[in-house]
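Data block below; observations after.
The values are calculated or read from the model by the stated rules, or taken from the named source; none is laboratory data. Just so you know, these numbers come straight off a predicted model, no measurement behind them. We place every Cβ from the backbone using ideal geometry, glycine too, and count neighbours over all the protein chains shown. Heavy atoms of the whole protein, side chains included, go into the accessibility calculation; ligands, DNA and RNA do not. Shrake-Rupley method; radii C 1.70, N 1.55, O 1.52, S 1.80 Å.
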Amino acid sequence: MAHVAILGGGPGGYVAAVRARQLGADVTLVEMDALGGTCLNRGCIPSKALLRSAELIRLAQHLDEFGVEAEFKHVNWPQVIQRKNQVVSHVVKGIEYLMNQNGIRVMEGRGRLADARTIVVDTGGREETITADKVVLATGSVSARLPLPGFDGPGVVTSAELLDIERIPESLTIIGGGYVGVEFADIFSAAGSKVTIIEMLSRIVPTEDEEIAAELARAFRRRGIATHVNARVMEIVEKDGRRLVRFSKDEKEYEVEAEVVLSAVGRWPNTEDVGLQEAGIEMDGRSIKVGVRMETSLPGVYGCGDAVGGIMLAHVASAEGKVAAANALGQQIEMAYSAIPSVIYTHPEIGSTGLTEAQAQAKGVDVKVGKFHFRGSGKATAEGEREGLVKIVVDAASGKILGGQICGPHATDLIHEIVLAVSVGATAQQVGDMVHAHPTLMEPIMEAAEDALGRAIHK
Ligand code: NAI
């Protein structure tokens, strides 16, 4: 039986472990912290637990709109944090159970690659050596730090630290308007903090379609979240126990004062001190270089997840982990990136996949774009969730759907209809002709597909 050793137990590593077992291998998974990695312990899952509380806080303040007379008293933050911790421990226990059920040997400790077949694990003072036929590197990522004055001072935190903050800060300045920045802006603004976002590029969520990003910016503005775009942070200074963030914009200098500053300027692959270069693994900057079969420059050693850079999302890590495990055990499969969903859990939510209109145009593809606003949907209106729209990008020549973007209620779930369409090469006509139940939040996808053909009914 082949022995596969996996370094890192996040969504890349633990999924690779299960797949390798399913394919008949003996598997050892090395993890120095809790199973589930950043996503389960300090990322996706705890932030979603807090976002759920944020959603309920907002709803509780508008219950009268729905004919429910109830008094909103206050936010019990310790309970919010306690529930978040329970959610995390529940999900982590689930992964432990999964490893157990699958007969995966989990070794606690910090592992280093010694050579293509050997991992040395420091299990707290003692060193153990694992010899394997194949190795999968899934060491994840760490929060990036700007090398600017004041970023390592007190009161400047990463998202992991903010998830455990003991009380709601009266004011929060967020540096970076990417995924982490906007989700935390949503949470803390609902909790009552005065939130300011400082973003270097020309809009928040700059990787999203312009019109979709503008919808979120509008919703944030209505909720009193201040946003400075095209703004370059210079330094953070401490003044009377508070933080002053100094930034420049249009050649002028500004400052925002806050109790707490969140640094959310991206993540770096966690590839230092893992013995990679020494073992002969070729790198691409901080990322492990891999091919489409997830194999590194060392034959028999594979990589997946944030450690290999590219699209640094948990579900991409898991997909890459499955591809890595399958190839390690004799299959020949390639990782496909054309229909990856990207999801942001703000209110309204954002979901997107494939090409945006601008990306298609930049590639010289002639496209038709269909749109449908949720305000035209009966279900969205009944739910009191009329913000946002669906956009579908269609290849003018073949009619195939190349991508789609949704900003609105349940966008993170709805996007999967478009993910399926892009994956299988479905046309706008096929999606437009598919009968969608009424009244549902999926109907706007059908309408947007029909709109691309110039025949939406409810527009
Ligand atoms: P990000 O790359 O999404 O966003 C960082 C933002 O900071 C960018 O908009 C960038 O323009 C801005 N920025 C960079 N330097 C700056 C500076 N000096 N001043 C002002 N702005 C600056 O990274 P983020 O938000 O930290 O997220 C980290 C990782 O976690 C990402 O890989 C993301 O994909 C993942 N993530 C995914 C979520 C989801 O799928 N819902 C939620 C949260 C994180």
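Output the number of residues of region 109-126 satisfying the condition of being in a loop (DSSP other than H, G, I, E, B) and on the phi < 0 side of the Ramachandran plot. Spell out how you get there, then give the answer.
So in region 109-126, the residues in a loop (DSSP other than H, G, I, E, B) come out as 109, 116-117, 123-126.
When the remaining residues are screened for being on the phi < 0 side of the Ramachandran plot, the result is 116-117, 123, 126.
Qualifying residue count for the region: 4.
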### Query
Going through region 324-371 one residue at a time, which ones are assigned to a strand (DSSP E or B) and small (Gly, Ala, Ser)?
Ser342, Gly351, Ser352, Gly354, Gly370
### Task
Give the residues of region 299-318 that are open to solvent by 30 Å² or more (accessible area, probe 1.4 Å) and either among the β-branched types (Val, Ile, Thr) or more than 13 Å from the ligand (Cβ to nearest atom) (or both), sorted by residue number.
Pro299, Ile311
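Going through His416, His373, His410 one at a time, which residue ends up being at positive phi, touching a residue at least 40 places away in the same chain (Cβ under 8 Å) and within 26 Å of the chain's Cα centre (by Cα)? Before you say what the answer is, go through the steps one by one.
Values: His416 fails: at positive phi; His373 fails: at positive phi.
Selected residue: His410, the only one of His416, His373, His410 that is at positive phi, touching a residue at least 40 places away in the same chain (Cβ under 8 Å) and within 26 Å of the chain's Cα centre (by Cα).
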### Message
Checking Val75 against (1) open to solvent by less than 50 Å² (accessible area, probe 1.4 Å); (2) assigned to a helix (DSSP H, G or I), only one condition comes out false. Which one?
### Response
(2)
### One residue from Arg52, Arg42, Arg58 being at pLDDT 95 or above, in the same structural domain as Val106 (by TED's automatic domain parsing) and more than 16 Å from the ligand (Cβ to nearest atom)
Arg58
### Message
Within region 157-180, take every residue that is of a type in the set (A, V, I, L, M, F, W, C) and open to solvent by 10 Å² or more (accessible area, probe 1.4 Å) and give me the one that is farthest from the ligand (Cβ to nearest atom).
### Response
Ile168
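Specify the residue that is farthest from Gln430 (Cα to Cα); the eligible residues are those in region 372-407 that are outside any loop (DSSP other than H, G, I, E, B) and touching an Asp or Glu at 6+ places or on another chain (Cβ under 6 Å). Step through it out loud before you land on a result.
Keep residues of region 372-407 that are outside any loop (DSSP other than H, G, I, E, B), which gives 372-376, 378-383, 389-395, 400-407.
Filter again for touching an Asp or Glu at 6+ places or on another chain (Cβ under 6 Å), leaving 372, 393, 402, 405, 407.
Working: Phe372: 17, Val393: 14, Leu402: 13, Gln405: 18, Cys407: 23 Å.
Only one residue tops the list, namely Cys407.
Could you check, for region 98-106, whether at least one of its residues is touching a strand residue (DSSP E or B) at 6+ places or on another chain (Cβ under 7 Å), in a loop (DSSP other than H, G, I, E, B), crowded, with 20+ Cβ neighbours inside 10 Å and at pLDDT 95 or above?
At the first step, the residues of region 98-106 found to be touching a strand residue (DSSP E or B) at 6+ places or on another chain (Cβ under 7 Å) are 99, 104-106.
Keeping just the survivors that are in a loop (DSSP other than H, G, I, E, B) gives 104.
After this cut, where a residue has to be crowded, with 20+ Cβ neighbours inside 10 Å as well, the list is 104.
Subset that is at pLDDT 95 or above: 104.
For region 98-106, residues touching a strand residue (DSSP E or B) at 6+ places or on another chain (Cβ under 7 Å), in a loop (DSSP other than H, G, I, E, B), crowded, with 20+ Cβ neighbours inside 10 Å and at pLDDT 95 or above: present.
Does Ile418 satisfy the criteria of being surrounded by 22 or more Cβ atoms within 10 Å (Cβ to Cβ), in a strand (DSSP E or B) and of a type in the set (Val, Ile, Thr)?
On the way: surrounded by 22 or more Cβ atoms within 10 Å (Cβ to Cβ): yes; in a strand (DSSP E or B): no; of a type in the set (Val, Ile, Thr): yes.
In short, no.
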## Note on the structure
Those residues of region 186-203 that are β-branched (Val, Ile, Thr), free of Cβ contacts under 8 Å to residues at least 40 places away in the same chain and within 12 Å of the ligand (Cβ to nearest atom) come to a total of 1
#### Entry: Number of the exception - Leu63 against (1) among the aliphatic types (A, V, I, L, M); (2) in contact with a Gly (Cβ under 7 Å, 6 or more places away or on another chain); (3) surrounded by fewer than 23 Cβ atoms within 10 Å (Cβ to Cβ)
(2)
### Message
Of the conditions (1) within 16 Å of the ligand (Cβ to nearest atom); (2) over 20 Å from Glu161 (Cβ atoms); (3) not in a strand (DSSP E or B), Glu183 satisfies every one except a single condition; which number is it?
### Response
(2)
### Message
I'd like the full set of residues that are surrounded by fewer than 14 Cβ atoms within 10 Å (Cβ to Cβ), under 27 Å from the mean Cα position of the chain (by Cα) and in a strand (DSSP E or B), limited to region 247-285.
### Response
Asp284
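Conditions (1) touching a Leu at 6+ places or on another chain (Cβ under 8 Å); (2) β-branched (Val, Ile, Thr); (3) open to solvent by less than 10 Å² (accessible area, probe 1.4 Å), marked per residue:
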| position | (1), (2), (3) |
| --- | --- |
| Lys379 | yes, no, no |
| Leu389 | no, no, yes |
| Val393 | yes, yes, yes |
| Ala426 | yes, no, no |
| Gly432 | yes, no, yes |
| Glu450 | no, no, no |
| Leu453 | no, no, no |
| His458 | no, no, no |
### Query
Take the residues of region 420-444 that are closer than 20 Å to Thr346 by Cα and in contact (Cβ under 8 Å) with a residue 60 or more places away in the chain: which is farthest from the ligand (Cβ to nearest atom)?
Pro444
### Query
Just to be sure, is Arg126 over 28 Å from the mean Cα position of the chain (by Cα) and loosely packed, with under 14 Cβ neighbours inside 10 Å?
yes
### Query
Take the residues of region 1-56 that are buried (at least 21 other Cβ atoms within 10 Å of the Cβ) and of a type in the set (D, E, K, R): which is farthest from Gly321 (Cα to Cα)?
Arg42
### Task
Select from region 107-134 the residues that are modelled with pLDDT of 95 or more and of a type in the set (Gly, Ala, Ser) and write down the one among them that is nearest to Glu55 (Cα to Cα).
Gly109
